[in-house]
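Everything on this sheet refers to the single structure shown next.
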Amino acid sequence: MDKIDYAIIAELQRDARQSNQELARKVGLTPAPCMRRVRKLEKDGVVTGYTALINPDALDRGFEVIIEVNLSNNAKPIVDAFERRVATLPEVVEARRMFGQPDYIVRIQMKNLEEYQQWLVDRLMAIPGVSRVDSRMTMKVIKASGAQ
């Protein structure tokens, strides 16, 4: 990869909906070589997809919580079952397995505190192997991946 590829990536992260002509102009190429480079970045797995950023408040999901989760033990069946289950929960927008403590960091979005309390007890803590959760409510998002 060279500086033009990095410029293309930066522009796509800023606005993936811009036309190839606009992208080419911004990175100093003509449209055909620019498109070839974008396709190569996609083929090589550098660009893995495109998505829309949605305002969570518009979907009644403006209440965000970061949850630290510890499992009772890290036996493979418990870890695998936890990860499979968490991946199916629509309220979970991000889940990471960590080195050390906590075992997981899970970010969820939902309507409000009352909904979260019910979800925590009925969904997350009901997963076999969950031994401890620690919740952090988001006061304000300063910077988020993909946000402008």
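The values are calculated or read from the model by the stated rules, or taken from the named source; none is laboratory data. A quick note: this is a predicted structure, and the numbers were derived from the prediction, not measured. As a convention, Cβ positions derive from the backbone with ideal geometry for all residues, glycine included, and neighbour counts pool all protein chains shown. Side chains are part of the model used for accessible areas, which takes the heavy atoms of the whole protein and leaves out ligands, DNA and RNA. Shrake-Rupley method; radii C 1.70, N 1.55, O 1.52, S 1.80 Å.
Sort Lys40, Lys26 by heavy-atom solvent-accessible area, probe 1.4 angstrom, most to least.
Reading off the accessible areas and sorting them downward yields Lys40, Lys26.
Computed over protein heavy atoms with a 1.4 Å probe, the carbon and sulfur contribution to the accessible area of the chain reaches 53%.
Each of Pro33, Asn20, Ala7 was scored by the projection of its Cα onto the charge dipole of region 1-62, and the greatest displacement toward the positive side belongs to Pro33; charges sit on the C-beta of Lys, Arg, Asp and Glu.
With contributions of -39500 (n - 2.57) from each DSSP H run of at least four residues, the per-residue ellipticity at 222 nm computed over the chain stands at -10500 deg cm²/dmol.
Run the reach check for Lys3 against lysines, Cα to Cα strictly under 23 Å, same-chain hits fewer than 8 apart removed. What comes back? By straight Cα distance, Lys3 reaches Lys26, Lys40, Lys43. The heavy atoms of Tyr6 offer some 140 square angstrom of accessible surface to a 1.4 angstrom probe. Just to be sure I understand, if you calculate semi-axes √(5λ) of the Cα gyration tensor in Å for this structure, which of (i) 29, 18, 15; (ii) 39, 19, 12; (iii) 23, 17, 14 do you get? Derived directly from the coordinates: (ii). For the residues Met139, Met125, Met110, a 1.4 Å probe over the protein chains yields an accessible-area ranking, largest first, of Met139, Met125, Met110. About its Cα centre, the dipole of the chain is roughly 600 debye, where the only charges are +1 on Lys and Arg Cβ and -1 on Asp and Glu Cβ.
Between region 1-42 and region 92-144, what is the separation of their alpha carbon centroids in Å? Going from one Cα centre to the other spans 37 Å.
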